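Some notes on the structure that comes next.
All of the numbers you see were taken from the coordinates with simple rules; none came from a lab. Since the model is a prediction, treat every value here as computed from it, not as a measurement. Heads up, the Cβs are rebuilt from the backbone with ideal geometry, glycines too, and the neighbour counts pull from every protein chain shown.
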């Protein structure tokens, strides 16, 4: 399904007090709650301790409580999203602290060197592969020097994908458009900025639910996984699912 169509129709509709997006794409089980929350809070390490403006690109409805924390040290959180429903929900949570733009990011005219931080959570890989470079270049243009662009992105070259390729497992049909480049793709921006990678989460929600049981054993292994991700950054960035990409304009 087209990304625009999904999020302007059913993606941000609620069922059992959760958005459809979360019900489809998140691991909402009891055993994973603590792990998932700690992974979301990893972002806080890379966000500046103070600033005027933070841009949340494809903010959605700011659906998780951890997401609200990202702008706590900023005067304004600028929320960009093409879904009217998402913007309406974001307004309920941010009120006057928010600035809201229901429009295509590439058509917005932000001034150069405006933002003290830019966030993009699970967004870039839903953009057409021919447009992703253009979006990153625009972000670099509008962020201030030595301030971070923080992107959560997906790695197509994971251990699980390699195993699937060996056994020639048929890929599942995508529910919405998704295309991610290998880690090396990001170094094309190194002439303008410093690029660093850190682990965010090791598995997709689908694989997480298959590998970790919803009981105390699952909770225990999630604790071990979180420890290992922190201990062996490079290994988890290279071989596992989601990473945090930090781009700092020079």
Pairs of Cα atoms under 8 Å, at least six residues apart: use those to get the relative contact order of the chain, whole percent. 23 percent
Note the full-extension length gain between residue 50 and residue 129 as 0.36 nm times their separation in residues minus their Cα-Cα distance, in nm to one decimal. 25.1 nm
Ranking request for peptides 112-119, 241-248, 4-11: highest mean number of other beta-carbon atoms within 10 Å first, then the rest in descending order. 241-248, 112-119, 4-11
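Please report the relative contact order for the range 171-250, taking Cα pairs under 8 Å with a sequence separation of at least 6, and give it as a percent rounded to a whole number. Let's see the in-between values first.
On the way: 65 pairs, mean separation 39.8, N = 80.
This gives 50 percent for the range 171-250.
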Full extension from residue 138 to residue 91: what is 0.36 nm times the residue separation minus their Cα-Cα distance, to one decimal in nm? 14.4 nm
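Between residue 230 and residue 146, 0.36 nm times their residue separation minus their Cα-Cα distance comes to what? Don't skip to the end; give the middle numbers.
Details: separation 84, 0.36 × 84 = 30.24 nm, distance 2.42 nm.
Taking 0.36 nm per residue and subtracting the Cα distance, the gain is 27.8 nm.
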When Rg and Dmax of the Cα atoms in Å is calculated directly from the model, which label among [x] 20.7, 88; [y] 23.8, 83; [z] 17.8, 53 fits? [z]
Quick one: check the C-alpha center-to-center distance for the range 106-126 versus the range 1-71, whole angstrom. 17 Å
Restricting to the range 28-249, compute how many DSSP beta bridges are antiparallel as a %, nearest 5. 45 percent
Mean Cβ count within 10 Å, highest first, over the residues of peptides 197-204, 152-159: 197-204, 152-159
As I understand it, the value is the acute angle between the Cα axis of helix 84-94 and the longest principal axis of the Cα atoms of the chain; what does it come to in degrees, rounded to 10? 80 degrees
Tilt relative to the chain, helix 132-142 - C-alpha long axis, 0 to 90 degrees, to 10: 40 degrees
For the chain, find the longest principal axis of its Cα atoms and tell me its angle to the long axis of helix 216-231, 0 to 90°, nearest 10. 60 degrees
At q = 0.22, 0.24 Å⁻¹, what is the log10 ratio I(q)/I(0) for the range 96-164, with the Debye formula run over Cα points and no solvent? -1.08, -1.23
